[in-house]
Amino acid sequence: MRPEPGPLREEPCRVSSQDEVRLAVPARPEFLGLARVTAAGLAGRLGFTFDQVEDLRLAIDEICFGLTGSKGRDGILELTFLLGPEGLTVNGHGRFSGAAPVHLSELSEIILNALVDEHSVSDGAGGPHFRLVKRRQPGKGSAEGRAPGEGQ
């Protein structure tokens, strides 16, 4: 009998009260993969399950795409990943040339509501901002804890 799957890591890494990782990428679709990979790597280190990591990757993609659009924008997208004992918070800031209001579609809102615990997007001084919060949940004994390619 195979043991029940768990988090991607046996023991989540220890974080100080709030470790921080920063990433700045050109605000174009071809660079958003760096944000997804960074989020996935950090979530894995925090002990998120495979499904929780995938949820976070999809959420990062959805919200970053909402800021940059399908063709991208001139400027930089800055992301700050805050690692805490309960999970991961991602703050993003678009530093774009030219003003264009940012809003998420109704479908994007539904997707984000399903994937993360909290999210917000706002237009502010200096460009649009977003915030995502994904809390670590204990595995539920299903396939969600398997690493890619494991148990197939």
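Coordinate-derived values only; no laboratory data. Bear in mind the structure is a predicted one, so any value in this text is a computation, not a measurement. We place every Cβ from the backbone using ideal geometry, glycine too, and count neighbours over all the protein chains shown.
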Margin query: Can you work out the Karplus-derived ³J(HN,Hα) for every residue in segment 109-125? Use 6.51 cos²θ - 1.76 cosθ + 1.60 with θ = phi - 60°, whole Hz, and x for glycine or proline.
Written below: 4, 5, 4, 5, 4, 7, 9, 10, 7, 8, 7, 7, 9, 8, 8, x, 4
Note to self: At a 10 Å Cβ-Cβ cut-off, how would you order 122, 70, fewest neighbours first?
What the structure shows: 70, 122
Notebook entry, point to check: Cα extents of segment 47-127 along the three principal axes, largest first, in whole Å?
Noted result: 40, 26, 19
Notebook entry, point to check: Between residue 76 and residue 21, how many nm apart are label points set 7 Å from Cα along the C-beta direction?
Noted result: 1.9
Item checked: Distance in nm between pseudo-label sites at residue 113 and residue 51 (7 Å out along the Cβ direction from Cα) -> 2.0
Check: If amide H atoms are built 1.01 Å from N in the plane of the peptide, which residues on other chains or at least 5 residues away come under 5 Å of the amide H of residue 27?
Finding: 73, 75, 76, 77
Next item on the list: Report, by chain and number, residues whose modeled amide H sits under 5 Å from the one on residue 87, excluding near sequence neighbours (fewer than 5 apart, same chain).
Entry: 136
